[in-house]
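J.: Next up is a structure, given as structure tokens.
The values are calculated or read from the model by the stated rules, or taken from the named source; none is laboratory data. Bear in mind that the values here come from a model prediction, so they are computed numbers and not experimental data. Every residue, glycine as well, gets a Cβ built from its backbone with ideal geometry; the counts of neighbours run over all protein chains shown.
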């Protein structure tokens, strides 16, 4: 870093971004319900949904695949009821 200060700046920015994302994710785990975490996941990563298995999405959200299935079913039922 001493020879190339620009790398120090770049590394610090990457570390700061990682820190912010980590804190946001921890906050979501502590403060949001599983339903709300799934909604946030859909908003942030809708493009990934077709490529990920339900098992991996559930693991990312910190819930079981069965719980995720129930959340998805409730969402479908609500959309049917309001549509």
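J.: Just one of the numbered conditions (1) modelled with pLDDT of 95 or more; (2) within 15 Å of residue 72 (Cβ to Cβ); (3) surrounded by 10 or more Cβ atoms within 10 Å (Cβ to Cβ) is not true of residue 40; which one?
T.: Among (1) modelled with pLDDT of 95 or more; (2) within 15 Å of residue 72 (Cβ to Cβ); (3) surrounded by 10 or more Cβ atoms within 10 Å (Cβ to Cβ), the lone unmet condition for residue 40 is (1).
J.: Can I ask one more? Could you check the stretch 53-83 and list, in sequence order, the residues that are closer than 23 Å to residue 31 by Cα and not in a helix (DSSP H, G or I)?
T.: 62, 63, 64 - these are the residues of the stretch 53-83 that are closer than 23 Å to residue 31 by Cα and not in a helix (DSSP H, G or I).
J.: Still on this structure, please answer the following. Among the numbered criteria (1) surrounded by 11 or more Cβ atoms within 10 Å (Cβ to Cβ); (2) in the same structural domain as residue 70 (by TED's automatic domain parsing), which single criterion is violated by residue 25?
T.: Condition (2) is where residue 25 drops out.
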